[in-house]
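Encoded as structure tokens, the structure appears first; notes follow it.
The values are calculated or read from the model by the stated rules, or taken from the named source; none is laboratory data. Keep in mind that this is a model prediction, so the values were computed, not measured. When we count neighbours, we look across all protein chains shown, and the Cβ atoms used for this are built from the backbone with ideal geometry, even at glycine. We work out accessible area using only protein heavy atoms, side chains counted, and drop any ligands, DNA or RNA first. Shrake-Rupley method; radii C 1.70, N 1.55, O 1.52, S 1.80 Å.
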Amino acid sequence: MKALTFSSFGTSDVLEYIEMPNPELKSDEILVEMKAIGLNFADVYRRKGNYHLKGNPPFIAGYEGAGIILNANNHPEYKIGDRVAFADVPFANAELVAINTNHVLPLPEAISFETAASILLQGLTAHYLATDSHKTTKGETILIHAVAGGVGQLLTQISKSLGANVIGLTSSSDKAKVAIEQGADHVFLYNEDWKSAIFKVIEKGVDVVYDSIGSTLMDSFEVTKKCGQVVFFGMAGGDPEPVDPRMLMDTSKTLTGGDLWSYLVSKEERIKRASQLFDWIIEGKIKLSEPTSFKLSEGKLAHDYLESRKSTGKIILIP
């Protein structure tokens, strides 16, 4: 099989599209021929050597994708040709991937391979943020950092479908337009006085802030109402400052951490959450912008485009 690999850490120049041995199946695995693969910033971090990475060089990154079963490996619940997807299986940047049966997600006919590769990691993240980290209720006002990003766009749509008012933060007017198209009620730019702008919209502050930037954490607390909540789930802008517990006590505010892997703990949980996501897409509650596709062999171009931060939708790789 062919795979997108790297044997040393660094820029996208270290990526190589080479022939690799086919996966050797363990008893609890099936073999899938990949049709679409999701590209995520985690893959860039792995390529640079600052994120957890499995295997030995040449390394194969990627954790998200969709395809068809080539070998069911004596698992009677699956058959050759079944359409499946996954959100948390390593070595996905290849023509063939071995998938542990606990991680297999049945793919409805109404959901394309490209859609599955575009939605799962970011969609499941948005799902737990809106339904677990904070249980969104009708009439709340929420603030989403990086609102035009993959998670931000989906979290906006899910929050709106649950009855919330959405304020977004982003870095450019073009991205603000994207966020408005996704349903955000107000969008402010980071280079503006966005905290004052938020208080003009809602004087008491927002009910909850979803902060994936990290370095903005204390700003997020400033615009949160008393008894409100900040959900911290990423550090795209660097590490946050330490939070003073006394501030939390004095304001009755809550800080919650968020990590997808804390929720994808069983086969049943994975299927339940993914099925909810697929249903929302089929029902039209979530609308996806067209992904930007690259051939898997063009992985270097895809990584460069992702790192340029010019993209507003998902980038996928096609074997």
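Counting only residues that are outside any helix (DSSP H, G or I), out of contact with any Gly (no Cβ under 7 Å at 6 or more places or on another chain) and at pLDDT 90 or above, how many does region 290-316 have? Full working, then the answer.
We begin by selecting, within region 290-316, every residue outside any helix (DSSP H, G or I); these are 290-295, 308-316.
Checking the rest, the ones that are also out of contact with any Gly (no Cβ under 7 Å at 6 or more places or on another chain) come to 293-295, 308-313, 315.
The next check asks that each one be at pLDDT 90 or above; those that pass are 293-295, 315.
Residues that pass the stated criteria total 4.
Looking at the structure I just gave you, is Ala274 part of a helix (DSSP H, G or I) and touching a residue at least 60 places away in the same chain (Cβ under 8 Å)?
Values: part of a helix (DSSP H, G or I): yes; touching a residue at least 60 places away in the same chain (Cβ under 8 Å): yes.
Against the criterion (part of a helix (DSSP H, G or I) and touching a residue at least 60 places away in the same chain (Cβ under 8 Å)), Ala274 qualifies.
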* **Hits in region 130-162 (condition: of a type in the set (A, V, I, L, M, F, W, C) and touching a helix residue (DSSP H, G or I) at 6+ places or on another chain (Cβ under 6 Å))** => Ala130, Ile142, Ile144, Ala146, Val147, Ala148, Val151, Leu154, Leu155, Ile158
* Structure fact -> Here the qualifying pairs (Cβ atoms under 8 Å; residues six or more apart or on different chains; first in region 192-219 and at pLDDT below 95 and of a type in the set (A, V, I, L, M, F, W, C); second open to solvent by 30 Å² or more (accessible area, probe 1.4 Å) and part of a loop (DSSP other than H, G, I, E, B)) come out as Ile213/Ala146; Ile213/Met235; Ile213/Ala236; Ile213/Gly237
* Could you name every one of the strands (runs of 3 or more DSSP E) located completely within region 116-232 that has at least 3 residues being open to solvent by less than 10 Å² (accessible area, probe 1.4 Å) and under 30 Å from Ser293 (Cα atoms)? => 165-170
* **Residues of region 247-262 that turn out to be under 16 Å from the mean Cα position of the chain (by Cα) and open to solvent by less than 50 Å² (accessible area, probe 1.4 Å), as a count** => 2
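Can you pull out the strands (runs of 3 or more DSSP E) entirely within region 30-105 that have at least 3 residues that are surrounded by fewer than 24 Cβ atoms within 10 Å (Cβ to Cβ) and touching a strand residue (DSSP E or B) at 6+ places or on another chain (Cβ under 8 Å)? Show your work before the answer.
Details: elements: 65-71, 83-86, 96-100.
Filter on region 30-105 gives 65-71, 96-100.
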